[in-house]
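Beneath this line is the structure, given in structure tokens, with notes to follow.
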Amino acid sequence: MRSIINGFRELIQYPSAVVGLVMVLGLVTISIYTIITIPYSQAIRLWRSGEDQWYRNPKYAMPVWTNWFRAQKLPETIAINADEHPEYKIIETNANGSSSINFEFPFEYNFDTFPDELTIFFTSSFKEKAPFVAVSLITPDERQIRLMNFSITTKGSYRISQDKNLEKKLGGKPPQQSLFTVPKSDPAQVLKGKYLLQIEGATFEPGSDINAEFVAYGQLSGWAGTDHLRRDLMIALLWGTPVALAFGLLAAVGTSLTQMIIAATSTWFGGWIDQLIQRVTEINLVLPFLPILIMIGVFYSRSIFVILGAVIILSIFGAGIKTYRAVFMQTKESPYIEAARAYGASNTRIIFSYMIPRIIPMLIPQFIVLIPSFVFLEASLAVLGLGDPTLPTWGKIIDDARANGALFQGWYYWVLEPSALLMITGLAFSMLGFALDRVFNPRLRSQ
Amino acid sequence: MTEANLSLPLGAGLQEEKKAKAGSSAFVRVAKYTGVRILSLSITVLIGLYLTIIIANMGGYVDVIRRAQIREDVMQRMANNPALRIMDPEVKRAKIDEIIAIQEQRYGMDRPFITRSATYLTNAVTLDLGYALKMNSNSGSKSVRNILLERLPPTLLLFASSDIILFFLALFFALVLSRQYGSISDKILITLTPLSSAPGWFYGIFLILIFASVFKILPFGGMVDAPPPPSLILYIVSLFKHMILPVLAMTLSQIFLQVFSWRTFFLIYSSEDYVDMAKAKGLTSREIERKYILRPTLPTIITSFALLLIVTWTGAPILETIFNWPGLGRTLFQAVGFFDTPVIIGETVIYSYLLALTVFLLDFIYALVDPRVKIGGEKSGT
């Protein structure tokens, strides 16, 4: 106990160890926070549900905070739903059962660039005759622009930005731009101020109703941005943390413990057992690790647990055995082992109680340095398209970004966010590990 | 070869007498050592390949695919045969089943797995890897062997050049820094060492982002410009331009740790008594470095380099995919996408060969530089 406290005291004298420790603690905190606030089932549901869940988010939107570093402020998404604002919905019922339902959605537009897309989502209830709506926009300079008249089905949407007729009528530019332009300005300037979207609806049956929601998609969304399916990247970034940490930790524990036990057995018994284990290690060295993992991923299962198991099994006879063996060779000759043998301690007792505890200090730094390599392995598999199909992970974001050409299109945030987290994880554990190595193995420190 | 060995300076003065005795038999010893290593590595590769086959065949997955492939082939042939089109459906079905049974027997599907696995193993050893389901080589062949052999040269080119660059750069910096222990550059190196925890492809993404997306001075990926330049010189220039980023990515991901660990080796060895003695004799520091520090550490350095090479081989599929390099690794990635089983298994087989060849090559160099092998004293510790 005392030695651990002393070791810790020595450790915090290394600035890199302190930084590493802080980063590791930060990652652990994020993991715990994530698991508590977004339970597993909810995360999976959010990540795997399509447009239904995310229709209010723009595609390929950058994080909100990027506006802080920009002179020209990019727009955020404006979404107005009549359910949330009943005051915007005016109903007048006529004697014959028909009614006129008008929506007036006021919104302020004070950004320097145009919105990405404009869409109105409708829902309606009717028996035989579908309701009819007329949509128009009143600009801050009091012009009224008629957009479209049409009858609506039970569930539908009017994508203003894809309306080719409107585009022609407004002069050939995409509607989301020409609707928000100062008239006759060149280059096109954004007309800032209060807009009013009017939807004049008419129903033709008693009990028939209309509901509308207007979304002006911006170019920014959330603290992490969105991907090609309008999903908020934050969920994958947050949930990637516990997944990466757990995978790295379990794989590192699994491989270093088994390797150590095998190395101890090999050196203690010597003779043909040692020879056999040495040969098996050499065979394992020639086995192509990643192609076999890919084979397992393709043929059997992409579940993260199967891959974890395969990683551990393939690493049991890894190169680490040679390192441990060299240390055990020295330990085997120590007087205290001889004493144990003299009083008749069993082989298992000597291996597990005397030899292995002896090299634990040496193991800890190695084990911590191992963690990032497994975190990156999991990301590597995801980049190859062999990640766990259900889990949102960092590697998967990179894979999606790569597949959608994020680097070519300039959506750098999409690649940089998961990469930054991977880098932080890698740096945190290896900085801590290298410092621990110098504390626990003073032989290296003198150099 | 023997002359070359003997012209290399041998360790400390003690070994000088032994050298004369060793002389003629050094070649025999190196040859014998190499022979033993070839034999043991061949057995290792055989076992490795067999394990690969068993993993690929576990649960009979490969068999299912093969059966489906046979059925598909037969159905296709029957459908294309106009003479059979008017045949009674019942009779036709019976005939199809019969042909499938004959075909399965021809491929040995009726024998138990153990005997079949022996056939698979011989096929794998001779690189007779069957036919791809969907992919084909640039020359249009569907044979997995042709596909893989066509993609092998780009992979070898990329990895050999970056490994050689990495080796000499790391050796150079390690020697320089071991001379300046405790200096600022040494401290910077120690601070940078944790950067080696990220694999090459990870740096690849950043390099593409910086040099291809933002500054637009180097290509995003691929091996040569499209269309390929007509003259050889322009072709080489274009190839070189495309190689810069992947080589840089691999070097960045490995060099800091490698320099750090080799520097530590050199430091340990430079505190030996015989180095002090050489200093006392008044030898130049360059001579001390070459004869008394580099020479005894070379075997250890080569062993650690062998492990490094295996790591870089393992990362190859992703690095090549990120850089769109038309090598073995990207083929593996494409095969995963197409679910092309024969190609995936073939890739695994050829990677085992490459790993074994790497280990062998380094063993051979080890035999050349390790005085223990040549002088035949203590057996080397592999």
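The values are calculated or read from the model by the stated rules, or taken from the named source; none is laboratory data. Keep in mind the model is a prediction, meaning the values are calculated, not measured. Quick reminder, even Gly has a Cβ in these numbers, built from the backbone with ideal geometry, and neighbours come from all protein chains shown.
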**Study point:** B:Tyr120 surrounded by 15 or more Cβ atoms within 10 Å (Cβ to Cβ) and in contact with a Ser or Thr (Cβ under 6 Å, 6 or more places away or on another chain)
**Key:** no
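Across the range A:319-336, what is the total count of residues that are in a loop (DSSP other than H, G, I, E, B) and under 14 Å from A:Ser256 (Cα atoms)? Spell out how you get there, then give the answer.
So in the range A:319-336, the residues in a loop (DSSP other than H, G, I, E, B) come out as A:319, A:333-334.
Going one step further and asking which of them are under 14 Å from A:Ser256 (Cα atoms), we end up with A:319.
Residues flagged as in a loop (DSSP other than H, G, I, E, B) and under 14 Å from A:Ser256 (Cα atoms) within the range A:319-336 amount to 1.
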Practice item. Please indicate, with yes or no, whether at least one residue in the range B:113-121 is over 29 Å from B:Met223 (Cβ atoms), of a type in the set (A, V, I, L, M) and touching a helix residue (DSSP H, G or I) at 6+ places or on another chain (Cβ under 6 Å). Key: yes
Exercise for review: Just give me the residues in the range B:188-200 being surrounded by 18 or more Cβ atoms within 10 Å (Cβ to Cβ) and at the interface with chain A (Cβ under 7 Å from one of its Cβ atoms), in sequence order.
Suggested key: B:Thr193, B:Pro194, B:Ser197, B:Ala198, B:Pro199
Practice item. Please specify each residue of the range A:25-39 satisfying the condition of being over 15 Å from the mean Cα position of the chain (by Cα) and among the hydrophobic types (A, V, I, L, M, F, W, C). Key: A:Leu25, A:Val28, A:Ile32, A:Ile36
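A quick yes/no check of all residues on (1) under 17 Å from A:Ala319 (Cα atoms); (2) at pLDDT below 85:
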| residue | (1), (2) |
| --- | --- |
| B:Lys281 | no, no |
| B:Thr284 | no, yes |
| B:Arg290 | no, yes |
| B:Thr300 | yes, yes |
| B:Trp313 | yes, yes |
| B:Thr321 | no, no |
| B:Pro326 | no, no |
| B:Arg330 | no, no |
| B:Gln334 | no, no |
Check your understanding: Quick one: is B:Thr155 part of a helix (DSSP H, G or I) and over 23 Å from B:Asp128 (Cβ atoms)?
Key -> no
Check your understanding: What is the one condition in (1) crowded, with 19+ Cβ neighbours inside 10 Å; (2) more than 12 Å from chain B (Cβ to nearest Cβ); (3) farther than 29 Å from B:Glu347 by Cβ that A:Arg325 does not satisfy?
Key -> (2)
Exercise for review: Keeping to the range A:158-206, report how many residues are touching a helix residue (DSSP H, G or I) at 6+ places or on another chain (Cβ under 7 Å) and under 30 Å from A:Glu128 (Cβ atoms).
Suggested key: 3
Review point. When you look at A:Ala339, is it modelled with pLDDT of 85 or more, in a helix (DSSP H, G or I) and touching a helix residue (DSSP H, G or I) at 6+ places or on another chain (Cβ under 8 Å), yes or no?
Key: no
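Going by what's in this entry, would A:Pro206 be described as of a type outside the set (Lys, Arg), at negative phi and in a loop (DSSP other than H, G, I, E, B)?
Criteria met by A:Pro206.
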Check your understanding: When residues of the range B:207-230 are filtered for being surrounded by fewer than 17 Cβ atoms within 10 Å (Cβ to Cβ), within 30 Å of A:Val369 (Cβ to Cβ) and either of a type outside the set (A, V, I, L, M, F, W, C) or within 27 Å of the chain's Cα centre (by Cα) (or both), how many remain?
Key -> 0
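Matching residues to (1) buried (at least 16 other Cβ atoms within 10 Å of the Cβ); (2) more than 29 Å from A:Asn57 (Cβ to Cβ):
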| site | (1), (2) |
| --- | --- |
| A:Pro183 | no, yes |
| A:Gly193 | no, no |
| A:Ser208 | yes, yes |
| A:Glu213 | yes, no |
| A:Ala216 | yes, no |
Practice item. Could you please let me know if B:Asp163 is assigned to a helix (DSSP H, G or I), in contact (Cβ under 8 Å) with a residue 24 or more places away in the chain, of a type in the set (Asp, Glu) and more than 14 Å from chain A (Cβ to nearest Cβ)? Key: yes
Practice item. Give the number of residues within the range A:282-318 that are in contact (Cβ under 8 Å) with a residue 60 or more places away in the chain, within 20 Å of A:Thr258 (Cβ to Cβ), away from chain B (no Cβ under 11 Å) and not in a helix (DSSP H, G or I). Key: 1
Check your understanding: Could you say whether any residue in the range B:231-254 is surrounded by fewer than 20 Cβ atoms within 10 Å (Cβ to Cβ), within 11 Å of chain A (Cβ to nearest Cβ) and out of contact with any helix residue (DSSP H, G or I) (no Cβ under 7 Å at 6 or more places or on another chain)?
Key -> no
Point to revise | Subset of the range A:138-153 that is hydroxyl-bearing (Ser, Thr, Tyr) and at pLDDT 85 or above - its residue that is surrounded by the most Cβ atoms within 10 Å (Cβ to Cβ) | key: A:Thr139
Practice item. Kindly check whether there is at least one residue in the range A:150-168 that is over 26 Å from A:Ala61 (Cβ atoms), touching a Pro at 6+ places or on another chain (Cβ under 9 Å) and part of a strand (DSSP E or B). Key: yes
Check your understanding: Pick from A:Phe107, A:Phe111: which is over 22 Å from A:Phe204 (Cα atoms) and part of a strand (DSSP E or B)?
Key -> A:Phe107
Study note, to complete from the structure: Residues of the range A:373-428 being of a type in the set (Asp, Glu) and within 11 Å of chain B (Cβ to nearest Cβ), in sequence order, are A:Asp399
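Pick from the range B:1-50 the residues that are polar (S, T, N, Q) and modelled with pLDDT under 80: which of them is surrounded by the most Cβ atoms within 10 Å (Cβ to Cβ)?
Top of the filtered list is B:Asn5.
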Point to revise | Within the range B:261-363, helices (runs of 4 or more DSSP H) holding 2 or more residues that are buried (at least 16 other Cβ atoms within 10 Å of the Cβ) and away from chain A (no Cβ under 11 Å) | key: B:273-281, B:295-322
Check your understanding: What number of residues within the range A:64-88 are touching a residue at least 24 places away in the same chain (Cβ under 8 Å) and of a type outside the set (A, V, I, L, M)?
Key -> 10
Practice item. Please give the number of the condition B:Ser137 fails out of (1) among the hydroxyl-bearing types (Ser, Thr, Tyr); (2) surrounded by 18 or more Cβ atoms within 10 Å (Cβ to Cβ); (3) assigned to a helix (DSSP H, G or I). Key: (3)
Point to revise | The listed residue being surrounded by 16 or more Cβ atoms within 10 Å (Cβ to Cβ), more than 31 Å from the chain's Cα centre (by Cα) and among the acidic types (Asp, Glu), out of B:Glu104, B:Glu150 | key: B:Glu104
